[in-house]
Amino acid sequence: MSEVIHTDHHAADYSVDQHAGGQHGPEKGLARWLFTTNHKDIGTMYLWFSFLMFLIGGVMALIVRSELFQPGLQFLKPEFFNQMTTNHGLIMVFGAIMPAFVGLANWLVPMQVGAPDMALPRMNNLSFWILPFAFGIMIWTLFSDGGGPNFGWTFYAPLSTTYAPDSVTYFIFAVHMMGASSIMGSINIIATILNMRAPGMTLMKMPMFIWTWLITAYLLLAVMPVLAGAVTMMLFDIHFDTSFFNAAGGGDPVMFQHIFWFFGHPEVYIMILPAFGIVSHIIPAFARKQLFGYDSMVYAVASIAFLSFIVWAHHMFTVGMPLAGQLFFMYSTMLIAVPTGVKVFNWISTMWKGSMTFETPMLFAIAFVVLFTMGGFSGLMLAITPADYQYHDTYFVVAHFHYVLVPGALFSIIAGVYFWFPKWTGKMYSESLGKIHFWLSFIGVNVTFFPQHFSGLAGMPRRVPDYALQFADFNMVSSIGAFIFGFSQLFFLFVILHGIKSGKPAVARPWEGARGLEWTLPSPAPYHSFTHPPVVTDAEVHG
Amino acid sequence: MKQVGTFASVLGALLLVSRSYADELNMRVGVTDISRQVYDLHMVIFWICVVIGAIVFGVMFWSIVNHRRSAGHEAAQFHESTRLEIAWTVVPTLILIIMAIPATQVLIAMYDTGGEDMNVEVRGYQWKWEYKYLDDNFNQTFSFFSALTTPQDEIQNRAAKGEFYLLEVDNRLRIPANRKVRFLVTSEDVIHAWWVPDFGIKRDAVPGMLNELWTIVPEPGIYRGQCTELCGKDHGFMPIVVEVMEEEAFDAWYDEQVKLAAIRREAISQVLTTDELMHEGEQVYSRFCMSCHQVNGQGIPPAFPSLVDTAVTTGARDDHIRLILDGVAGSAMQAFGKQLDARQVAAVVQYERHAWGNNAGDVTQPADVVNLMAGQYRDL
């Protein structure tokens, strides 16, 4: 098995050899999923869990958009509206986007670095199984007396401490569990990447998805404890009469925001760096041309990660900081546009003079580049502090971060699912159904979020259950878009199930332009990815 | 010639339509020097983004159309170009520096809070604003609350919505034109944010912190804004309305308010009939209590308890008064001693003890409140 493995023929032999070598398959029934330590099973659970959370968070978004379809209070009381916006944000950030990326990492990291499994398989099981309980607790509080979290996903004190519903203690506990899960997940990813790469795969030969996830994992390690600290201080303020955030006792509500955003801004990049990695695989594959500037892409990701630690107070320009502080955070924020620009220019140069085809993953990747860049533009506008005073906490901000998170992070996840679907299942999804899904999503996302730029500029605050009459038209359009987008994700479920059930068998390398060790494995990939280290060749990794 | 005229008028009409649309589509230019500078910054950065976007996406779509495999394009295999990579790092950096210069200038101008002609303290409460006109002479100061007046019928879709739906208040903040007004922004409970888009100013109202803002408005008029920081249940229902008055009219109004404040102080020591107390109590209740305890006194348990036939409204009266004055720590029940004067507290206690079928059978006068909490009630 020491031969170079990069043809379908050899890959098939390899899989046979593996079973001949006394390898075992998965257990049967529920025990397989409860006790599994297999990276593919855990990756699958992460992905299905995140999809379930995505649907729940999506239903909450549709409840919000139904209420905002017209001025006046139609269906909801304001206190329930606040619970819906809060839980929508929390569930989408911590329950949908982040676990989806961890699921992709579980599936792909061992296959891309040439390892049999993750470095710490039992911890892998634990880090997943914490999540359903964490979100179970959080969602359950919605049905408790006084309701669930209603203070926005940023849970600013003292609204989230002195003035919070009783259930906030459960919320704090749930956040602690999510943090523990994320920390374990990132330790596992770092340990796997640093210790289990196939011989010959030096750091600067690692696939881009591996690079982005390695950096993301370090961001998680750095900031999740900060979040844990913030919620612990809340807990003490609520139950033990401390005054970290209580001005009446000498505390400082603004300190909460500094701590929160010191976590929160790197968190934003945690949700986008792996997306950069995914798109950096898909565009070269369908342009049939290698990534234009591998080295500069790596350095750009590293610079963005570094900058993400020194820009946090741009979320707080209106909080009342000294002029010098405002200027520092304005300049550092504007600076992020430079490495982000480098990435966009690189993707376009990769496409330039390629030989492009437009299968579903490529469509989602191109939409990612265009719409994420638009989110970047509005981000640059928000960095201009005097103008930010007018944008801050309006729908302009809502439009901005949904552009980077929905057609940004989410589209990259969907693109990744279509791209690696044949490797995971051994089947091809239906290309025509995939394209329908793409166009529905693309139209839906823009109809939903583009008008929000306008309502924001016209002065509509965010997180309001009702609004003045001049905002009525844009809100109606936005609500219609939200329903188009929401239902097109049910169609996504159908496309995936249809592919699993009746897709055509996939070859080992279904995309001729795709490179990477994972494509040297047969489709579907064997239960234990590489039991013998593969030989790393320039044909498969960056040379 | 006639055709040219028609063409010109059609063009003019189109321009007018697009302009009126532009007001809804774009940031408001506003009425102050600062708001215009902010608008200009917004437009500069917007056009920079548009131009960069047009170039970048233009190149990309040209490539998508021309470098397709279905168009027979073979993939080239070039990669990496140090020169190109330096260019696309340096050029954006230069653009950003060019952009940062005017942004810095405007920001410095916005921070110039000195040399004010008058000071107004803006204090956020769940869910209303208090405006206090500050003066070195205590007898020259006065304050009032400003809360939403849009009727529930309009919010609940039982009546047609008015022109200023959700953007109308009982007492407007009044300031004079052409004078530099400094606002000291703070909060009594959670964080709020005070924003008047037409002035180009917004600042968070943070409990325990005093933030500064200033404006000089050249044009008299009525300007509307909203709270822009999530502050709980009725965050969407605490608008800001500022009436900018001609200087002389403002001065006359100010003197009037100072006199009224003196009369109010006097009124605290009066004895009222039960009818007067009930009538005034109902008004106070609807302004300060109803958003939580509801019009029927039933509240929204458990966050906002019922007042109907409960220990508070049927038990010891002095406890009832203390509860209103001090609030309940760790709950949404605020310390209304800081918001209501003795007469208002007396009236609302009387009302709560005798409305919705409650019948405590006692009479509460302003003096009872003053005696109970001597020195702790609100002076104004």
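Within segment A:263-277, the presence of at least one residue that is outside any helix (DSSP H, G or I) and at pLDDT 95 or above is confirmed. Going through (1) small (G, A, S); (2) without any contact (Cβ under 8 Å) to a residue 40 or more places away in the chain; (3) under 29 Å from B:N139 (Cα atoms) one by one, B:G315 falls short only on (3). Between A:L34, A:L52, A:L62, the distinction of being closer than 30 Å to A:A468 by Cβ and either at pLDDT 95 or above or in a helix (DSSP H, G or I) (or both) belongs to A:L62 only. Taking B:V38 as the residue in question, decide whether it is open to solvent by less than 50 Å² (accessible area, probe 1.4 Å), touching a residue at least 12 places away in the same chain (Cβ under 8 Å) and facing another protein chain (nearest Cβ under 8 Å). Yes, satisfied.
Annotation: A:A217 fulfils all but one of (1) more than 10 Å from every other protein chain (Cβ to nearest Cβ); (2) aliphatic (A, V, I, L, M); (3) in contact with a Lys or Arg (Cβ under 7 Å, 6 or more places away or on another chain); the unmet one is (3).
Among the helices (runs of 4 or more DSSP H) confined to segment B:279-380, the ones with at least 1 residues that are in contact with a Leu (Cβ under 6 Å, 6 or more places away or on another chain) and among the hydroxyl-bearing types (S, T, Y) are located at B:311-314.
The residues in segment B:46-70 that are more than 7 Å from every other protein chain (Cβ to nearest Cβ), among the small types (G, A, S) and either open to solvent by less than 60 Å² (accessible area, probe 1.4 Å) or under 21 Å from A:H542 (Cα atoms) (or both) can be counted, and the count is 1. Taking segment B:261-279 as the range and being open to solvent by 20 Å² or more (accessible area, probe 1.4 Å) and within 30 Å of B:V190 (Cβ to Cβ) as the test, only B:R264 passes. In this structure, A:F471 qualifies as more than 23 Å from the chain's Cα centre (by Cα) and open to solvent by less than 10 Å² (accessible area, probe 1.4 Å). Just to be sure before I move on: is B:V258 over 30 Å from A:G249 (Cα atoms), open to solvent by 60 Å² or more (accessible area, probe 1.4 Å) and touching a residue at least 60 places away in the same chain (Cβ under 8 Å) in the structure I sent? The answer is no for B:V258. With respect to the conditions (1) assigned to a helix (DSSP H, G or I); (2) touching a residue at least 40 places away in the same chain (Cβ under 8 Å); (3) among the aliphatic types (A, V, I, L, M); (4) within 14 Å of chain B (Cβ to nearest Cβ), A:A164 falls short on a single one, namely (1). Can you work out which of the residues in segment B:329-351 that are in contact with a Gly (Cβ under 7 Å, 6 or more places away or on another chain) and away from chain A (no Cβ under 14 Å) is modelled with the lowest pLDDT? Out of the qualifying residues, it is B:F336. Remark: pairs (first residue in segment B:101-113, at the interface with chain A (Cβ under 7 Å from one of its Cβ atoms); second residue open to solvent by less than 20 Å² (accessible area, probe 1.4 Å) and outside any helix (DSSP H, G or I); Cβ separation under 6 Å; 6+ apart in sequence or on different chains) = B:A103/A:I384. Here is a list of conditions, (1) open to solvent by less than 10 Å² (accessible area, probe 1.4 Å); (2) within 9 Å of chain B (Cβ to nearest Cβ), and A:I348 meets all of them except one; can you say which number that is? Every listed condition holds for A:I348 apart from (1). For the criterion of being under 24 Å from A:Y156 (Cα atoms), within 14 Å of chain A (Cβ to nearest Cβ) and not hydroxyl-bearing (S, T, Y), B:V169 fails. Do you know which residues across segment B:232-253 are aromatic (F, W, Y) and open to solvent by less than 30 Å² (accessible area, probe 1.4 Å)? Within segment B:232-253, B:F237, B:F250 meet the criteria.
When you look at A:N82, is it open to solvent by less than 10 Å² (accessible area, probe 1.4 Å) and closer than 20 Å to A:D466 by Cα, yes or no? Here the answer is yes, as A:N82 does meet what is asked. Picking from residues in segment A:280-330 that are closer than 13 Å to A:Y269 by Cβ and among the aromatic types (F, W, Y), the one that is surrounded by the fewest Cβ atoms within 10 Å (Cβ to Cβ) is A:F306. Against the test of being without any contact (Cβ under 8 Å) to a residue 60 or more places away in the chain, open to solvent by 10 Å² or more (accessible area, probe 1.4 Å) and closer than 20 Å to A:F372 by Cβ, the options A:V447, A:V477 yield a single qualifying residue, A:V447. Against the definition (within 14 Å of another protein chain (Cβ to nearest Cβ), over 13 Å from A:L68 (Cβ atoms), in contact with an Asp or Glu (Cβ under 9 Å, 6 or more places away or on another chain) and of a type in the set (F, W, Y)), how does A:F454 come out, yes or no? The answer is yes for A:F454. Give the residue that is nearest to A:A458 (Cα to Cα), with candidates limited to residues of segment B:202-232 that are of a type in the set (V, I, T) and facing chain A (nearest Cβ under 7 Å). Within segment B:202-232, the match that is nearest to A:A458 (Cα to Cα) is B:T228.
The values are calculated or read from the model by the stated rules, or taken from the named source; none is laboratory data. Computed from a predicted structure; not experimentally measured. Virtual Cβ from ideal backbone geometry, glycine too; neighbours counted across all protein chains shown. Remember, those area values only see protein heavy atoms, side chains included, never the ligands or the DNA or RNA. Shrake-Rupley method; radii C 1.70, N 1.55, O 1.52, S 1.80 Å.
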